[in-house]
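First up is the structure itself, then whatever we jot down about it.
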Amino acid sequence: MDTSVGKFAIRVNDLVVGFGHRVILDHLSLDVRRGEILGLVGASGGGKSVLMRTIIGLIPRRSGGIEVMGARIGSPHDVGTQRAAGKWGILFQQGALFSSLTARQNIQFPLRENLVLSSALLDEIATAKLEMVGLTPEDGDKFPSELSGGMTKRVALARALALDPAIVFLDEPTSGLDPIAAGDFDALIKTLQKTLGLTVFMVTHDLASLNTVCDRVAALADGNIVAIGPMRELLQSDHPWVRAYFHGKRSLMLQPKAS
C-alpha cells in the first residue's frame, strides 16, 4: 500500500518544461505535504510561475509526472486534470478579476461554471466567502475599479475559495501591497489555512511572507529545487543563489520564525 497518497497533496517527479531551445525546469522534483504552506522562491524569470502553471495543467511539459491529490495531471482537458481541478483554487498575480463583474459576481463565477444553484444560494455563498476574507456584503456590490489593492486580493482569494478547495495556489499574493496590507493578508492566509485545513502553494518573493507564514520554503534556481525546508534551514544553505537571496542587503533583518 502506498502511504504517500495520503501524505502529499502535490507530487512533481523529474519534471522538464521548456520553450523552444530554452529549458526552464530541468528534471525538477518536489513534494508538497497535505496541510502545509509551502513557499516557492526564485529569481525573477526563473520559472516559479511556470512551475505553478504546469502543475495545474496550463503549461505542457516535455517529460516528468505530476499528481495532485492522487490524480495524474495532463492537459487542461485531461480527465485526471479536470477531476483534480475541482480540488484547487487559484489566486493569480494582481487578482485577475473580471472588470465587468462586481466582486460578488466574480466570486460566483466558478460556482456558476461548475454547479447549478439558485440565485439566492449563490448570493448566500458569495456573502459567506466575502466575510471569510474580511470583507462586507456591501463590498460585494463594488466593481474591481472601486476596490483597493488589498481588497482586490481578498476578493480574488474569496473567488479561489468559492468551491471549498483542498489546495490553494497563490501567485505573488502580496505583490503591489504596502507592508501593512501585506502583513494583514499574510495573517489572513495563515488563519484560513488553519481553519479550513488547506494546503497552500505560494509563489512569492516577499521575504516577510516566507518568514512568517510558510511552514517550508523551496528555492528554485537553475531549473531545479536547490534547497527546501523550514526557513532556519534555508538560512544555513551553502548554495550560492540561496545565500545571496537570504543574506543580501535587503534581508539583513530576516530571522527564522520560532519553531
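Averaging the Cα positions of each part gives two centres, and for the stretch 32-56 and the stretch 163-181 these lie 13 Å apart.
Using a Gaussian network model of the chain in which every pair of alpha carbons under 10 angstrom is joined by a spring, one finds that among Ala126, Ala103, Ala181 the greatest mean-square fluctuation is at Ala181.
Taking amide H atoms as placed 1.01 Å from N in the peptide plane, the amide H of Gly223 has no partner under 5 Å among residues 5 or more positions away or on other chains.
Charge dipole (Cα centre; +1 on Lys/Arg Cβ, -1 on Asp/Glu Cβ; no other charges) of the stretch 108-259 amounts to roughly 540 debye. In terms of other Cβ atoms within 10 Å, Phe8, Phe109 run from fewest to most in the order Phe109, Phe8. Cα gyration tensor of the stretch 81-179, axes a ≥ b ≥ c as square roots of the eigenvalues: rounded (a/c below 1.5), prolate (a/b > b/c) or oblate? Since a/c reaches 1.5 but b/c is at least a/b, the shape of the stretch 81-179 is classed as oblate.
Shape class of the stretch 147-216 from the alpha-carbon gyration tensor: oblate, with a/c at 1.5 or above and b/c at least as large as a/b.
Positive end of the dipole of the chain (Cβ unit charges, origin at the Cα centre): among Ala182, Ala9, Ala158, the Cα lying farthest that way belongs to Ala9. Relative to the longest principal axis of the Cα atoms of the chain, helix 119-132 runs at roughly 50 degrees.
Projecting the Cα atoms of Val133, Ala218, Ser148 onto the charge dipole of the stretch 67-220 (Cβ charges, centred on the Cα centre) puts Ala218 farthest toward the positive pole.
Coupling constants for the stretch 53-60 follow from the phi torsions by the Karplus curve (6.51 cos²θ - 1.76 cosθ + 1.60, θ = phi - 60°), and in residue order they are 5, 6, 4, 8, x, 7, 10, x Hz; glycine and proline get x.
Look at where the Cα atoms of the stretch 60-99 and of the stretch 12-31 average out, and the two centres are 16 Å apart.
Give me the dipole magnitude in Debye, nearest 20, for the stretch 106-182 about the Cα centre, with unit charges on the beta carbon: positive for Lys and Arg, negative for Asp and Glu.
Roughly 120 debye, rounded to the nearest 20.
Look at the Cα gyration tensor of the chain: its axes a ≥ b ≥ c give a/c of at least 1.5 with a/b at or below b/c, and that counts as oblate.
Residues whose amide H falls under 5 Å from that of Glu36, counting only those 5 or more places apart or on a different chain, are Val200, with hydrogens built in the peptide plane.
Put simply, when 81-91, 152-162 are sorted by average Cβ atoms within 10 angstrom per residue, most first, you get 152-162, 81-91.
For the stretch 1-62, the Cβ-based charge dipole about the Cα centre amounts to some 160 debye (Lys, Arg positive; Asp, Glu negative; other atoms uncharged).
Show me 34-46, 113-125 ranked by packing, highest mean number of other Cβ atoms within 10 Å first.
Going from most to least packed, we get 34-46, 113-125.
Mean silhouette area of the stretch 107-259, derived from the convex hull of its C-alpha atoms and averaged over all directions, reads 10.7 nm². Lysine pairs in the chain whose alpha-carbon atoms fall under 23 angstrom of each other, counting only those eight or more residues apart or on distinct chains, come to 21.
Values quoted throughout were computed directly from the atomic coordinates according to the rules given, and no laboratory measurement underlies them. Computed from a predicted structure; not experimentally measured. Counting neighbours? That spans all protein chains shown, and the Cβs are built from the backbone with ideal geometry, glycine included.
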